[in-house]
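This report concerns only the one structure given below.
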Amino acid sequence: MFIILEEYISFDNASANTCSIDELIRLCQPSICDIFFHIRCTCHIFNLCVQDSLKILELYIRPIRSAIHYLWTHPQVMKQCGKFCKINGMRPKRYARDVPTRWNSTYKLLLSTFEYKDLLCAFLDKLFNRLIYIYIQTNGIFERLHVFFSEYLTSSDHALVECILSMKTKWENIFFNIHDFFLCAIVLDPRLKLDGLGELLTLYYDSLNPITNACPSSFMILFGVQNSLTEIYNKYNEKYGLHVGTQAQQLTTSSSITPRSKAQMLVHERTKHPRGSSSSNLELENYLTTKFDFSDVEEETFDILRWWCQKTQVYPILSLMTNEILACHVSIVAVDQAFSMRGNTLDERRSTIRLENLEAQCLLNDWSRAA
């Protein structure tokens, strides 16, 4: 699954996708070459880390997965389980399903069944006429498994510590060196820019406390990010600078001419040069050196796309570049869900539904989730 824009492509982390990037670059011919062309889905990488660590806890999780999967695949048994819950004074519940492609689905499964663990075991005992206990209590690990995502390395359970260390190591292998695309997007947030990025990097590496590698220099990262921004800005200026400059000139000549003070003339000249001028970096430098103040109310309601839209006249090339960078999907989850919606509605027991009814059902499901 992937998402293609004019300049960027978002893929999941399948190794086969890497081989096709060169061919896609040839076909799409992005104006900035392949600087930021290939973006890996962040949620897919996060899920790889989680699934890798959950293998260590397979002994504890497998019985619960199997039990809930059995209930979901046998609707009559699910109804019997609901009646059994009512008899025992508990509200019937549709338990969450464990989906390997969703990083938090195991957590939701454990969370949805934890309150019903004794009731589920009693129901399965009655159903199969033998003692079944799906919650292994070795060292009391399950009492913390249902919230294990909030656990830290101070846990006394060896299996849980090993799980967290595995997840942490996997994350370091993939995201120890953050892709320049994400760093450039942070710099293009007027509330942060380079200074804010430096503080975020310090916070990230301090909280990561890497196991295998030494933390890179924040100064070198910021230097590389600024060079990347300059390179991509120059590419956009070469492609769009003349067109933007022509538009700006037409706008200036068509507007009414009013007397300006020396200060106004200076501001006008500083915002005029970047529009297709030979000083190609002046617009970027102007943005990086200008301090923007935001009140607390503006911080809470800040819309970065609206802000850049309002700054189009001041930063014409930079605003165009920013809009395209911020439009790139860092995750393909939304697209995956859109393609999976029909498959989640149609199944073996309901496969002859009419097209318009299927569309209506998908819309109703989407609205109910949004509510």
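Annotations for the structure displayed:
- Residue within region 84-94 that is at pLDDT below 90 and assigned to a helix (DSSP H, G or I) present: no
- Identification of helices (runs of 4 or more DSSP H) wholly contained in region 273-315 with 2 or more residues that are acidic (Asp, Glu) and modelled with pLDDT of 90 or more yields 282-289.
- Members of region 295-321 that are of a type in the set (Val, Ile, Thr) and either touching a residue at least 12 places away in the same chain (Cβ under 8 Å) or surrounded by 12 or more Cβ atoms within 10 Å (Cβ to Cβ) (or both): ILE304, THR312, VAL314, ILE317
- The listed residues are ALA248, ALA338, ALA263, and the only one of them that is in contact with a Lys or Arg (Cβ under 6 Å, 6 or more places away or on another chain), modelled with pLDDT under 85 and either over 30 Å from PHE223 (Cβ atoms) or in the same structural domain as LEU222 (by TED's automatic domain parsing) (or both) turns out to be ALA248.
The values are calculated or read from the model by the stated rules, or taken from the named source; none is laboratory data. Predicted model, so just to flag it, every value in this text is computed and none were measured. Methodologically, a virtual Cβ is constructed for each residue, glycine included, from the backbone with ideal geometry; neighbour enumeration extends over all protein chains shown.
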